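Report on one structure; see the data block that follows.
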Amino acid sequence: MKLFYTPNSPYARICRIVAIEGGIMDGIELVRVALRTPDSEALEHSPLGKIPLLLDGDLVLGESRLICGYLDQRSSGAPSLPGATDWQAQAHESLMSGFLEGVTNWSRELRRNPSEQSAFILQVERQRAHRALDYFERTIGAPAAEPAITYGDLALVAAIGMVDFYELVPGWRDERPALARLAGAVRGAVVGARDRAVGRRHESAHPLTRRPAETPAPIPADQQRTTAMTSPLPLDGVRIFDLTRILAGPTCTQLLGDLGADVIKIERPGEGDDTRRWGPPYVKGADGEDTSESAYYLCANRSKRSITLDLAKPEGIALAKRLLAECDVLVENFKVGSLAKLGLGYEQLRAEFPRLVYCSVTGFGQTGPYAPRAGYDFLAQGMGGIMSITGTPGVEPVKVGVGITDVMTGMYAATSILAALRHRDRTGEGQQIDCCLLDTQVAWLINEGTNYLVSGKVPTPLGNAHPNIVPYEVFKTADGHVILACGNDGQFRRWCEIAGAADLKDDPRYATNPLRIANRAALTPRIAEYIATRTTDDWVAALEAGGVPCGPVNTIDRVFEDPQVKARGMRIDLPHPLAGEGTVPLIANPVKLSGTPIEYRRSPPTLGQHTDEVLAEVLGMSAAEIAAEKAKGAV
């Protein structure tokens, strides 16, 4: 199919940039045509006529910026058309007559040419134009008292209107799948850019000016895991209002921060995140004494800025709402109903902030008989069944050695937030996300949970053994332990050859995995006898060479000395203002992105470290205004 565009067509320019930068050009041929509209002269003197000059090349997918002229009626005045007195009405008239009427003529011209039947033809009618305007007024609008419409508004509504028009044509998505993909990309791009175009973030009232982005403190070259960034991080431009503490919520927001989001961690003045006091161990200061920063707190709070805010005071709530107006996501892990008492519940905020993604992380969710209860990882592991299948048979139930339910809940929450942001960028609608520890724990029963659902047989602890594979467990060696994980029959036979266990290789009871499971009790002790005769390193070397999955059981000190772990850069050291050595050691993010690699912009913040910075940068508050809020106890 062909996509026609004209040099001075703002919506076509946006489509073209989106199509090229978005990499969705397969099946679409761009054809430039020179068509004049009846209103081309008027367009040259209207805000719409200037859009191509302002937008040329400035809509870039993956970056949180749309450079456009922000026309403030009070400071810059408004361009005028003959006979027009009201700027807003004038802009609407320009949009309708100067653009949509011209597009109608364009589509008629293309339809007259039988050789261009595959062309991208906009069938624009007056009633659809009115619908587009209604959409524009509902989703963007302008303050009634002081109308101020940007050039970017007009261009973006033109592109949004283009998508809307085609939604009114039955079956077009099925008939033109390439166009459907293009329309979806346009909608996602323009909706995401729309808020930025009307000055939501980092934009002053002066035309073509923005507040400069903050320059993060550089990390010494020898402490960087990645090379210099050549493109923005994936979540640059996304701002998170982080009301979480302990582990599940902070794990979520740390992951988003690592990916480039601006995470503003909200903490209670003088108290902060509970885990700051969950020690020892603590970071040692220059005097060798413990500081206020625990290792537990450090593990889930890098890539954030900390501000103090007293939500028990009306002034604190007022500041919170001002910050929320500049944020894309709110993440909280309060007990159900607690934030509603402060006026910060989802239902209370959704009308004022319809694009806000509101993620609630709780112990038991927003519904059900346990919803009011406080939740803890230990309780979720027990109630969710994982402890009943962990540990050695015949002994008491055992929890996993780290707060794995907290961590997994944080990961599910982060994934859900990304999905909700994608939906928001397409539709303009925010939503609430309901994540909880118990649901997460039940979900990651994985195969054992499904084994029960299919068979009706209740799983029991197998120690380090696997319920569906044999051999697949830990065995004692001459000097330690080794994991033997034979995932198929060929690997088991190769282990037998390497071990010199011809008797096991030739025994028909062990020929297939189902037979080995049935005869587990007889086979496992025999394997243990063979493995106990050699050292861990001997087994690892021999089995790796033979293609049999195996590995040592490392203590944590040996983990960080492992050559593979070192090669993957899984330990990082970040500058910290309280650390006597100047840096704190942390575990790296395990995600490796080829185009937008993780960059560690911030070490875990001290309590309220960025209060002044955030209030000045995000809200434009002066030093005197910030001091006044501090005097009131709001921050």
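The values are calculated or read from the model by the stated rules, or taken from the named source; none is laboratory data. All figures in this text were calculated on a predicted structure; none of them were measured in a lab. Glycine gets a Cβ as well: all are built from the backbone with ideal geometry, and neighbour counts include every protein chain shown. Areas reflect the complete protein model, heavy atoms only, side chains present, ligands, DNA and RNA absent. Shrake-Rupley method; radii C 1.70, N 1.55, O 1.52, S 1.80 Å.
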Could you go through segment 345-357 and let me know if any residue there is among the basic types (Lys, Arg) and buried (at least 16 other Cβ atoms within 10 Å of the Cβ).
yes
Tally time: how many residues in segment 455-492 are small (Gly, Ala, Ser) and without any contact (Cβ under 8 Å) to a residue 12 or more places away in the chain?
3
For Tyr510, work out the one condition from (1) within 30 Å of Pro467 (Cα to Cα); (2) open to solvent by 40 Å² or more (accessible area, probe 1.4 Å); (3) without any contact (Cβ under 8 Å) to a residue 40 or more places away in the chain it doesn't fulfil.
(2)
Test result for Thr405, surrounded by 15 or more Cβ atoms within 10 Å (Cβ to Cβ) and under 30 Å from Thr611 (Cβ atoms):
no
Any residue at all in segment 460-469 that's part of a loop (DSSP other than H, G, I, E, B), open to solvent by less than 40 Å² (accessible area, probe 1.4 Å) and of a type in the set (Val, Ile, Thr)?
yes
In this structure, does Arg302 turn out to be under 20 Å from His610 (Cβ atoms), surrounded by fewer than 16 Cβ atoms within 10 Å (Cβ to Cβ), among the charged types (D, E, K, R) and in contact (Cβ under 8 Å) with a residue 24 or more places away in the chain?
no
Give Pro314, Pro269, Pro232 a once-over and let me know the one that is modelled with pLDDT of 95 or more, on the phi < 0 side of the Ramachandran plot and in contact with an Asp or Glu (Cβ under 6 Å, 6 or more places away or on another chain).
Pro269
Looking at this structure, is Pro525 open to solvent by less than 70 Å² (accessible area, probe 1.4 Å), assigned to a helix (DSSP H, G or I) and over 29 Å from Pro281 (Cβ atoms)?
yes
How many of the residues making up segment 264-286 are hydroxyl-bearing (Ser, Thr, Tyr) and either open to solvent by 40 Å² or more (accessible area, probe 1.4 Å) or without any contact (Cβ under 8 Å) to a residue 12 or more places away in the chain (or both)?
1
I want to confirm something. Restricting to segment 244-263 and keeping residues that are on the phi < 0 side of the Ramachandran plot and β-branched (Val, Ile, Thr), which single residue is most open to solvent (accessible area, probe 1.4 Å)?
Thr251
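Would you confirm, using the coordinates I've provided, whether Met411 is out of contact with any helix residue (DSSP H, G or I) (no Cβ under 6 Å at 6 or more places or on another chain), under 30 Å from Thr460 (Cβ atoms) and assigned to a helix (DSSP H, G or I)? Please lay out each step first, then the result.
Details: out of contact with any helix residue (DSSP H, G or I) (no Cβ under 6 Å at 6 or more places or on another chain): yes; under 30 Å from Thr460 (Cβ atoms): yes; assigned to a helix (DSSP H, G or I): yes.
So Met411 passes the test.
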Output for segment 425-442, where each listed residue is of a type outside the set (Val, Ile, Thr), within 23 Å of Thr251 (Cα to Cα) and within 21 Å of the chain's Cα centre (by Cα)
Gly430, Gln431, Gln432, Asp434, Cys435, Cys436, Leu437, Asp439
Quick check on Tyr370: is it aromatic (Phe, Trp, Tyr) and part of a loop (DSSP other than H, G, I, E, B)?
yes
State which residue is farthest from Asp262 (Cα to Cα) when the search covers only segment 313-342 and only residues that are outside any helix (DSSP H, G or I) and open to solvent by less than 20 Å² (accessible area, probe 1.4 Å).
Leu339
Exactly one of Arg558, Arg520 is without any contact (Cβ under 8 Å) to a residue 24 or more places away in the chain and either touching a helix residue (DSSP H, G or I) at 6+ places or on another chain (Cβ under 7 Å) or more than 30 Å from Pro232 (Cα to Cα) (or both), and that one is Arg558
Every residue from segment 553-584 that is touching a Phe, Trp or Tyr at 6+ places or on another chain (Cβ under 9 Å) and over 26 Å from Glu473 (Cβ atoms):
Lys566, Arg571, Ile572, Leu574
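Any residue that is assigned to a loop (DSSP other than H, G, I, E, B), open to solvent by 50 Å² or more (accessible area, probe 1.4 Å) and closer than 16 Å to Val357 by Cβ - is there at least one of those in segment 429-443? Step through it out loud before you land on a result.
Kept after step one, since they are assigned to a loop (DSSP other than H, G, I, E, B), are these residues of segment 429-443: 429-430.
Restricting the remaining residues to those that are open to solvent by 50 Å² or more (accessible area, probe 1.4 Å) gives 429.
Now drop any that are not closer than 16 Å to Val357 by Cβ, which leaves 429.
Yes, because at least one residue in segment 429-443 is assigned to a loop (DSSP other than H, G, I, E, B), open to solvent by 50 Å² or more (accessible area, probe 1.4 Å) and closer than 16 Å to Val357 by Cβ.
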Cβ-Cβ distance below 8 Å, separation of 6 or more or different chains: which pairs start in segment 232-261 with a residue that is in contact (Cβ under 8 Å) with a residue 24 or more places away in the chain and within 16 Å of Pro604 (Cβ to Cβ) and end on one that is assigned to a helix (DSSP H, G or I) and of a type in the set (D, E, K, R)?
Arg245/Asp274; Ile246/Asp274; Ile246/Asp406; Leu247/Asp377; Leu247/Asp406; Thr251/Asp406
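Can you pull out the residues in segment 379-400 that are open to solvent by 80 Å² or more (accessible area, probe 1.4 Å) and not charged (D, E, K, R)?
Answer for segment 379-400, where residues must be open to solvent by 80 Å² or more (accessible area, probe 1.4 Å) and not charged (D, E, K, R): Leu379, Met383, Thr392, Gly394, Val395, Pro397.
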I'm trying to understand the selection: among the residues of segment 359-378, which are β-branched (Val, Ile, Thr) and open to solvent by 40 Å² or more (accessible area, probe 1.4 Å)?
Thr367
Helices (runs of 4 or more DSSP H) lying entirely in segment 556-635 (those with 3 or more residues that are open to solvent by less than 40 Å² (accessible area, probe 1.4 Å) and of a type in the set (A, V, I, L, M, F, W, C))
611-619
Going through segment 529-553 in order, the residues found to be open to solvent by 40 Å² or more (accessible area, probe 1.4 Å) and in a helix (DSSP H, G or I) are Glu529, Tyr530, Asp537, Asp538, Ala541, Glu544, Ala545
